[in-house]
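Below you'll find the structure, written out as C-alpha cells, and then a few comments.
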Amino acid sequence: MAKLPTPIPVTRLLKILGNDIKVARIRRRITSELMAQRIGISRITLAAIEKGSPTVSFGYVATALWILGLSENLKKVASIECDPVGKALSEQDLPKRVVLKRKKS
C-alpha cells in the first residue's frame, strides 16, 4: 500500500507541537544535546521532533513531553470525555465489533 501524504492541518499541528517542545526545552535551559541524550535519540532526531516531522516516533515525542513535565497533557489528546462525536455514536445501539465481509474470489 502506498504511503499517503500527511494532511496539511496535521502538518501544521505537528509544527506547533514541535515548536512548543523546543520553547519548553529552551525555557528550562536544557541543551539539545542533553535533551537528546535523555530521550535516547540523536540530536538530528530531536531537531526533527522540534520541526514537527511526521516521521518521528510518537514514543520519542511522548518521552520528550515527559522529560519536560508536560506528559500529563497527553491524557487529553484522545480522551473519551472530550469526544462529542464518540459520545453521540455510543448512545446509538452499535455492535460490539465491526466485521467486514470478504469478497468471494
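Bear in mind these aren't lab numbers, they're just calculated from the coordinates by the rules spelled out. Worth saying up front: this structure is predicted, and the values here are computed from it rather than measured. Neighbour counts run over all protein chains shown; Cβ positions are idealised from the backbone, glycine included.
Partners of Lys87 within straight-line reach, counting lysines whose Cα lies under 24 Å from its Cα and excluding those fewer than 8 residues away in the same chain: Lys75, Lys76, Lys96. Cross-link partners of Lys15 among aspartates and glutamates, defined as those whose alpha carbon lies under 17 angstrom from its own and excluding same-chain residues fewer than eight positions apart: Glu50. With Rg/Rh (Cα atoms, Kirkwood Rh) defined as stated, name the option among [x] 0.95; [y] 1.13; [z] 1.02 computed from the structure displayed. Here Rg/Rh (Cα atoms, Kirkwood Rh) agrees with entry [y].
Can you list the residues of the range 21-39 with backbone N under 17 Å from a point 7 Å past the Cα of Lys76, pointing along Cα to Cβ? Only 21, 24 pass the distance filter.
If the segment from Lys104 to Val23 were pulled out straight at 0.36 nm per residue, it would be longer than the present Cα-Cα gap by 23.6 nm.
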